[in-house]
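A.B. asks: Got a structure for you, questions after.
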Protein chains: 2
Amino acid sequence: MAMEGYRGFLALLVLALFFGFLSVICTLVWVLHYREGLGWDGRGAEFNWHPVLLVTGFVFIQGIAIIVYRLPWTWKCSKFLMKSIHAGLNSVAAILAIIALVSAFDYHNTLSIPNMYSLHSWIGLIVVILYILQLVLGLFIFLFPWAPPSLRAIFLPIHVYSGLLLFGSVMIAVLTGMTEKLFFVLPNGLYSLLPPEGVFVNTLSLLVVVFGALIFWIVTRPQWKRPQEPNLTLLQPNGGTAGGVAGSMAIHSDNMDKSDAELNSEAAARKRNFALDETGQRSTM
Amino acid sequence: MAMEGYRGFLALLVLALFFGFLSVICTLVWVLHYREGLGWDGRGAEFNWHPVLLVTGFVFIQGIAIIVYRLPWTWKCSKFLMKSIHAGLNSVAAILAIIALVSAFDYHNTLSIPNMYSLHSWIGLIVVILYILQLVLGLFIFLFPWAPPSLRAIFLPIHVYSGLLLFGSVMIAVLTGMTEKLFFVLPNGLYSLLPPEGVFVNTLSLLVVVFGALIFWIVTRPQWKRPQEPNLTLLQPNGGTAGGVAGSMAIHSDNMDKSDAELNSEAAARKRNFALDETGQRSTM
């Protein structure tokens, strides 16, 4: 299927991948070159998994999961397959985030450093808990075939909003984390002399924000949305309206489609609802 | 004009105002009760204007500026008036942010503390510069009558996107700022004992994020968008499509309307472009 502004999309996707990879590589360079490297010894090398896994999973993989419906090469794939990939990427991100939390707690406990006092730790833990809640609700409501279309219709705008809000909150968590780590490892005014490590991690943190900004741009362009399934367009009570709404912004809206219907024997009854969901919900964000 | 889901809007607006006010009040309590109070002495009391002015201007006033088009009581006001209010609120926020920067630099210079080494200072300065650029471009392209409709059409999605991105970046700047200030004023592990000031400022920072999340929800509900001007609906080449697009999400899209046209003698020629702008741009976010 043809995509409007395909070249622009491709350029921004390549830019996003570049900044995402660069963020991960720079985080690795940081912990391997400036810090104690990687290990699982309850000390610095174990803690270092914390930024590496979070920038990899919570920033890069979550960012790709957010825009995966936008890739025009996937538009011929079933919506069910794409939802599975979206859920799979987010599950990987969640698992990496949990391992990252374990590495931080384990490190603190080994060295008798208190846990959960800083703003970063509060924001970070809240984001991980809400992210897992979002993932579980997403699986049960949108991927598994049990939820009625009416429930999906109610949750779709909330799911899309929460997804972007969590992605933004991850940025806050990462940058508060980088800030406190820099003050820990460059103490007594050393950070204020702008040593190479300070400049490097400040820059790395800006790369993470640029990656987030690119993902936010890609996901909010209406012309890069996955098109509606053809069978659904035919089901619209008003074909013209459906086309108009499809051109509006919708952030990877998990609209109900043929692949959902095939999971359910009540396909006919649900298809009537799909048309309603399309017009009512596909345009919500 | 009637608003769909008016009670829900009202409830969320009251909640947003509550969290916004509470954030400002708590910032004042922080600097007056836990810190040195407010003054302009080049010392702590001068620095304290920094968080107070930024939470007031860059968080609260900017948040209100973002949703000002959504207030249904203003839908009878001209679009030009609403744009002026939007620009006015953002100008106030920019002025407060500049004074806040001066207070921080002045404080650092008096006490010979280095400037611009931390991640917070980098992010904060970038956000202030880009915010002023966004404001100036917004004035020249959308408020003043000089810009051709084609230029407005190109810049509208960028303006809306940049506005939300800057608002999110302000959250990052505020929370990295709170983090580093807490490590400065509660040094040598004092923060890790969770003293009242630590708990208070962590909580205040979460209030700021909740305010931001409420603004983001309000501005991304398509049903709470300012309706198109009636004269424009009539100008649509396809009335049905206009209705469909109006129902889609658009974050306070500064669509061209009657009040713009009145500023320009080429009204007739431009009105044809408005219809194009409406269908092509109003739905972009």
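The values are calculated or read from the model by the stated rules, or taken from the named source; none is laboratory data. As the structure is a prediction and not an experimental result, all values here were calculated from the model. We place every Cβ from the backbone using ideal geometry, glycine too, and count neighbours over all the protein chains shown. Heavy atoms of the whole protein, side chains included, go into the accessibility calculation; ligands, DNA and RNA do not. Shrake-Rupley method; radii C 1.70, N 1.55, O 1.52, S 1.80 Å.
A.B. asks: Within region B:174-195, find all residues whose amide N lies under 17 Å from a label point positioned 7 Å from the Cα of B:Asn109 along Cα-to-beta-carbon.
C.D. replies: Residues passing the 17 Å test: none.
A.B. asks: Where only protein heavy atoms count, and the probe is 1.4 Å, what is the accessible area per residue for region B:6-224 in Å²?
C.D. replies: Working: 8310 Å² over 219 residues.
With the other protein chains kept in place, region B:6-224 gives 38 Å² per residue.
A.B. asks: Any idea of the total accessible area buried by the B-A contact, 1.4 Å probe, rounded to 100 Å²? Don't skip to the end; give the middle numbers.
C.D. replies: Working: alone 13200 and 13180 Å², together 22370 Å².
It comes to approximately 4000 Å² buried between B and A.
A.B. asks: In whole Hz, what ³J(HN,Hα) sequence does region B:145-162 give by Karplus (6.51, -1.76, 1.60; θ = phi - 60°), x for Gly and Pro?
C.D. replies: Result, rounded to whole Hz: x, 7, 6, x, x, 5, 5, 4, 4, 5, 7, 4, x, 5, 4, 5, 4, 4.
A.B. asks: Got the B:Glu36 label distances to the other copies yet, label 7 Å along Cα→Cβ, in nm, shortest first?
C.D. replies: In ascending order, 3.7 nm.
A.B. asks: Under the Karplus relation 6.51 cos²θ - 1.76 cosθ + 1.60, θ = phi - 60°, what is the ordered set of whole-Hz ³J(HN,Hα) values for region A:195-211, x standing for Gly and Pro?
C.D. replies: x, x, 4, x, 4, 4, 6, 4, 5, 3, 5, 5, 4, 4, 5, 4, 4
A.B. asks: Computing the accessible area with a 1.4 Å probe over protein heavy atoms, can you report the carbon and sulfur percentage for region A:41-159?
C.D. replies: For region A:41-159, the apolar C and S fraction of the accessible surface comes to 81 percent.
A.B. asks: Another question, then. Do you know which residues of region B:189-209 lose at least 20 square angstrom of accessible area in the protein assembly compared with their chain on its own, with a 1.4 angstrom probe?
C.D. replies: Residues meeting the cut-off: B:Tyr191, B:Ser192, B:Leu194, B:Asn202, B:Leu206, B:Val209.
A.B. asks: Just want to confirm a number: the relative contact order over region A:6-224, from Cα pairs under 8 angstrom separated by 6+ residues, in percent.
C.D. replies: Dividing the mean separation by the residue count of region A:6-224 yields 29 percent.
A.B. asks: For A:Asn188, put the label point 7 Å out on the Cα→Cβ axis and report which residues of region A:31-47 keep their amide N under 20 Å from it.
C.D. replies: Correct set: A:35-36.
A.B. asks: Using a label point 7 Å beyond Cα on the Cα-Cβ vector, give me the inter-copy distances for B:Cys77 in nanometres, one decimal, shortest first.
C.D. replies: In ascending order, 4.8 nm.
A.B. asks: Using 7 Å Cα-to-Cβ label points, what is the A:Leu137/A:Ser78 separation (nm, one decimal)?
C.D. replies: 2.7 nm
A.B. asks: Scale the Cα Rg of region A:1-73 by the rule-of-thumb value 2.2 N^0.38 Å and send over the ratio, two decimals. Could you put the intermediate results ahead of the total?
C.D. replies: On the way: Rg = 16.2 Å, N = 73, 2.2 N^0.38 = 11.2 Å.
Normalised Cα radius of gyration, region A:1-73: 1.44.
A.B. asks: Taking R0 as 56 Å, what FRET efficiency do you get between A:Leu151 and A:Arg43 from their Cβ-Cβ distance, rounded to the nearest 0.05? Please report the intermediate quantities before stating the final value.
C.D. replies: Details: r = 48 Å, r/R0 = 0.85.
That gives a FRET efficiency of 0.75.
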